[in-house]
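Okay, structure first, notes after.
The values are calculated or read from the model by the stated rules, or taken from the named source; none is laboratory data. In this text, all values refer to a predicted model and were calculated from it rather than measured experimentally. Cβ placement follows ideal geometry from the backbone for every residue including glycine, while neighbour counts extend to all protein chains displayed. Keep in mind that these areas ignore ligands, DNA and RNA; they rest on the heavy atoms of the full protein, side chains included. Shrake-Rupley method; radii C 1.70, N 1.55, O 1.52, S 1.80 Å.
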Amino acid sequence: MGEARPTGTIVIGYPWQDREDLLERVRSVVPGVEVVAMPYVGKFGQHVRDKQRFDELTDERRAVWARAEVVIALDLPAGMAELAPDLRWVQAIGAGIEHLGAAGLGDDVVLTNAVGVAAVPIAEFVVARLLAVWKRVAELDELQRKHEWKATFGRLFDGSAVGLVGLGAIGGAVAVRVRALGARTLGIRRSYQPGDTSPLCDELSGTSDLHAVLGRCDAVVVSAPATAETENMFDATAFAAMRPGAVFCNVARGSLVDEAALIDSLERAHLGAAILDVTRAEPLPPDDPLWDAPNIYISPHSAASQDRYLETLFDLFTENLDRYARGVELRNLVDLRAGY
């Protein structure tokens, strides 16, 4: 990056809300550069927006893409190498970026993700769900609706063993919070080397020891990235390895889970409960058998909170934009082709 940049258009493909203050923040970093708000939602984005999709490539939109050098986006249309030949950098709005592979980005496009932006709200969501399951909140609410006085006791969080599959920003934020409640943390990190430790975990292991660790956990929280290596990481063998009555929680991607095997484990009451914020098909079809699996808690990919999300996201984006303009290495660089 030696030359002054950007000289092309900055496309704000996210958010959908009319936030002129965010646009002004971007303009203040690179005065004189064209900044265009052009929201785009494709197939991936339907898990958060079920209304109009901003994916129609009108002539006006094609003209904007043709001028684009920088874009911040949830989704991108296919054929980006042809649509945006001058595109040099894409800032994703989330941690997971595997879906952007379908956009056909050129080999010279730099990609950054938003690791850390949603870590705290997702970690809070995980803890809330685990507490609700272990304290039997749904059962207590049902008893109240029935006007029935029946003592119903939950179990202790304190002293539980929580497995963390993935120790990035989300896994780390979960570790801090469950430890504050007295849990022990058993981490699984794909880059683990013998002897490695982590201040976030009481024990740290690699993926080769996954099944052995699963058998020692009262709850397992998955926040690993979706890659070829993690496809169906949680299959029938993995679920069988889990401690009877344990809780499975996935806030990563649906592709990490063999959903038929998960349903089977729940129906056989081997697993005590499952918490899914993500599924293979999003939106989850109304007739999908996951909905009716016993002791399952499904949310529509909404563990992250909108509270302060945009502000935190644009803190990262404007810092990176300043770095880009000065030719300094960007934060959160990822290699889509290497499976990051």
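Arg337 meets the stated requirement of being open to solvent by 60 Å² or more (accessible area, probe 1.4 Å) and either modelled with pLDDT under 95 or part of a helix (DSSP H, G or I) (or both).
When residues of segment 278-292 are filtered for being within 28 Å of Ala119 (Cα to Cα) and in contact with a helix residue (DSSP H, G or I) (Cβ under 7 Å, 6 or more places away or on another chain), how many remain? Working first, answer last.
Kept after step one, since they are within 28 Å of Ala119 (Cα to Cα), are these residues of segment 278-292: 278-285, 290-291.
Restricting the remaining residues to those that are in contact with a helix residue (DSSP H, G or I) (Cβ under 7 Å, 6 or more places away or on another chain) gives 278-280, 282-284, 290.
Residues flagged as within 28 Å of Ala119 (Cα to Cα) and in contact with a helix residue (DSSP H, G or I) (Cβ under 7 Å, 6 or more places away or on another chain) within segment 278-292 amount to 7.
Considering each residue of segment 134-153 in turn, none proves to be under 28 Å from Gly206 (Cβ atoms), outside any loop (DSSP other than H, G, I, E, B) and small (Gly, Ala, Ser). The set of residues in segment 73-94 that are open to solvent by 40 Å² or more (accessible area, probe 1.4 Å) and in contact (Cβ under 8 Å) with a residue 60 or more places away in the chain comprises Asp86, Arg88. Of the residues in segment 118-131, at least one is assigned to a loop (DSSP other than H, G, I, E, B), aliphatic (A, V, I, L, M) and either under 30 Å from Arg155 (Cα atoms) or open to solvent by 20 Å² or more (accessible area, probe 1.4 Å) (or both).
Which is open to solvent by less than 20 Å² (accessible area, probe 1.4 Å) and over 24 Å from Asp277 (Cβ atoms), of Gly159, Gly206?
On the way: Gly159 fails: open to solvent by less than 20 Å² (accessible area, probe 1.4 Å).
Within the list Gly159, Gly206, the selection yields Gly206.
If you go through segment 220-243 and keep only what is out of contact with any Gly (no Cβ under 8 Å at 6 or more places or on another chain) and open to solvent by 10 Å² or more (accessible area, probe 1.4 Å), you end up with Thr230, Glu231, Asn232, Met233, Asp235, Ala236, Thr237, Ala240. Scanning segment 98-117 for residues that are touching a Ser or Thr at 6+ places or on another chain (Cβ under 9 Å) and crowded, with 22+ Cβ neighbours inside 10 Å, which turns out farthest from Ala66 (Cα to Cα)? Top of the filtered list is Val117.
Which residues, taken from segment 54-72, are within 13 Å of Pro15 (Cα to Cα) and either modelled with pLDDT under 95 or open to solvent by 30 Å² or more (accessible area, probe 1.4 Å) (or both)? So that I can check it myself, show each step before the final result.
First, the residues of segment 54-72 that are within 13 Å of Pro15 (Cα to Cα): 54, 71-72.
Hit for segment 54-72 is Phe54, nothing else.
Could you count how many residues in segment 178-200 are within 21 Å of the chain's Cα centre (by Cα) and buried (at least 17 other Cβ atoms within 10 Å of the Cβ)?
The initial filter retains those residues of segment 178-200 that are within 21 Å of the chain's Cα centre (by Cα), namely 178, 185-191, 200.
With the extra rule that they be buried (at least 17 other Cβ atoms within 10 Å of the Cβ), the set shrinks to 178, 185-189, 200.
Count: 7.
Annotation note: of Gly166, Gly171, the sole residue that is touching a Leu at 6+ places or on another chain (Cβ under 6 Å) and open to solvent by less than 20 Å² (accessible area, probe 1.4 Å) is Gly171.
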